[in-house]
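Here is the structure we will look at.
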Amino acid sequence: MDNNQKFASWQLPQPIWDALQQLIPAKTSRRGRPTTVNFRVILAGIFYVLRTGIQWQALPREKFGPPSTVYYYFARWSDSGIFEKMWAIALETYDRLKGLDWEWISIDGALTKAPLGGEATGKNPTDRAKRGTKRSLMTEAKGIPIAVVSAGANVVDKELLEETLDASVIEQPQATEIFNQHVCLDMGYDDIDCYRVVLNRYLTPHVRSQWELKVEKQKNPDYKSRRWVVEVTHSWLNRFRKILVRFEKRVSRHRALLQLACCYIVFKRAGAF
């Protein structure tokens with residue numbers, strides 16, 4: 001697709017389809033009934049649901065075929081890790097075109113509603129104890145998402161730090177005496193166990209409050225805060241209506257939608273469309 005061509009936000013970008021094609025092997029056996037499923041249409045239907053937040057059963061049949069077929073392949077691909085692999089392909093593409101900046105990484109959590117409950121949900125302390133879910137996100141220095149973890153809304157950020165650091169979908173460079181890596185965190189991670197988790201990975205922790213960042217900016221106008229990038233990426237994810245409010249009861253399905261959204265963000269930031 002021409003980079004200058006405008007298309008609706010719910011339309012499937014070509015690079016995401018190209019990534020899926022690399023992961024679905026072509027059928028070479030002549031046995032069995034030949035499939036008539038158009039995988040590009042299926043993926044377009046999944047992306048349409050992710051973008052618009054429409055219910056699976058309300059998916060327009062005339063555009064994407066039977067909703068049950070679209071959901072069948074969505075469940076099948078999520079169980080086999082297809083969407084995480086697509087995200088990894090997007091990150092490799094970004095690294096080749098722009099270059100991932102591993103020197104500074106940022107981690108933060110965000111709460112979303114989960115009115116139907118389900119796996120990895122809990123009472124949201126900021127929403128009158130209604131059911132909710134939390135995503136813990138890790139980005140590199142420019143806000144490119146490289147890891148995401150799901151948990152109940154009642155799980156505090158610091159309890160997800162170690163899992164988030166280990167959840168990168170591509171291999172991270174190891175910190176050395178020459179290459180020093182930094183981790184930007186807010187005051188929710190101001191805990192001895194969090195410092196231990198970070199230092200055990202030879203990373204340099206930077207735990208600052210918003211007030212401290214404001215004071216630092218007043219002292220030094222050239223000071224650049226590095227933690228805000230993860231908050232911006234959370235706002236990008238919230239533009240996908242199917243994860244702005246979680247209706248998937250199985251955490252693997254919700255995580256697959258997050259991974260597909262991250263795949264889109266990475267390709268978009270790479271200038272692939």
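Computed quantities for the displayed model
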{"quantity": "Within region 168-182, considering residues that are over 23 Å from the mean Cα position of the chain (by Cα) and surrounded by fewer than 13 Cβ atoms within 10 Å (Cβ to Cβ), the one modelled with the lowest pLDDT", "calculated": "178"}
{"quantity": "Flag for residue 225 being modelled with pLDDT under 95 and touching a strand residue (DSSP E or B) at 6+ places or on another chain (Cβ under 9 Å)", "calculated": "yes"}
{"quantity": "Hey, residue 185 modelled with pLDDT of 80 or more, crowded, with 17+ Cβ neighbours inside 10 Å and among the aliphatic types (A, V, I, L, M) or not", "calculated": "yes"}
{"quantity": "Members of region 188-204 found to be surrounded by 16 or more Cβ atoms within 10 Å (Cβ to Cβ) and assigned to a strand (DSSP E or B), listed by number", "calculated": "203"}
{"quantity": "Qualifying residue in region 124-135 (condition: part of a helix (DSSP H, G or I) and either open to solvent by 10 Å² or more (accessible area, probe 1.4 Å) or in contact with a helix residue (DSSP H, G or I) (Cβ under 8 Å, 6 or more places away or on another chain) (or both))", "calculated": "no"}
{"quantity": "Hey, residue 104 hydrophobic (A, V, I, L, M, F, W, C) and either surrounded by fewer than 22 Cβ atoms within 10 Å (Cβ to Cβ) or within 12 Å of the chain's Cα centre (by Cα) (or both) or not", "calculated": "yes"}
{"quantity": "Which numbered condition residue 113 misses (of (1) on the phi < 0 side of the Ramachandran plot; (2) buried (at least 16 other Cβ atoms within 10 Å of the Cβ); (3) in contact with a helix residue (DSSP H, G or I) (Cβ under 6 Å, 6 or more places away or on another chain))", "calculated": "(3)"}
{"quantity": "Selection from region 141-156 of residues that are over 12 Å from residue 169 (Cβ atoms), touching a Leu at 6+ places or on another chain (Cβ under 7 Å) and part of a loop (DSSP other than H, G, I, E, B)", "calculated": "153"}
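The values are calculated or read from the model by the stated rules, or taken from the named source; none is laboratory data. What you see is a predicted model; the values in this text were computed from it and never measured. We place every Cβ from the backbone using ideal geometry, glycine too, and count neighbours over all the protein chains shown. When the accessible area is computed, the model is the full protein with side chains, heavy atoms only, and any ligands, DNA or RNA have been set aside. Shrake-Rupley method; radii C 1.70, N 1.55, O 1.52, S 1.80 Å.
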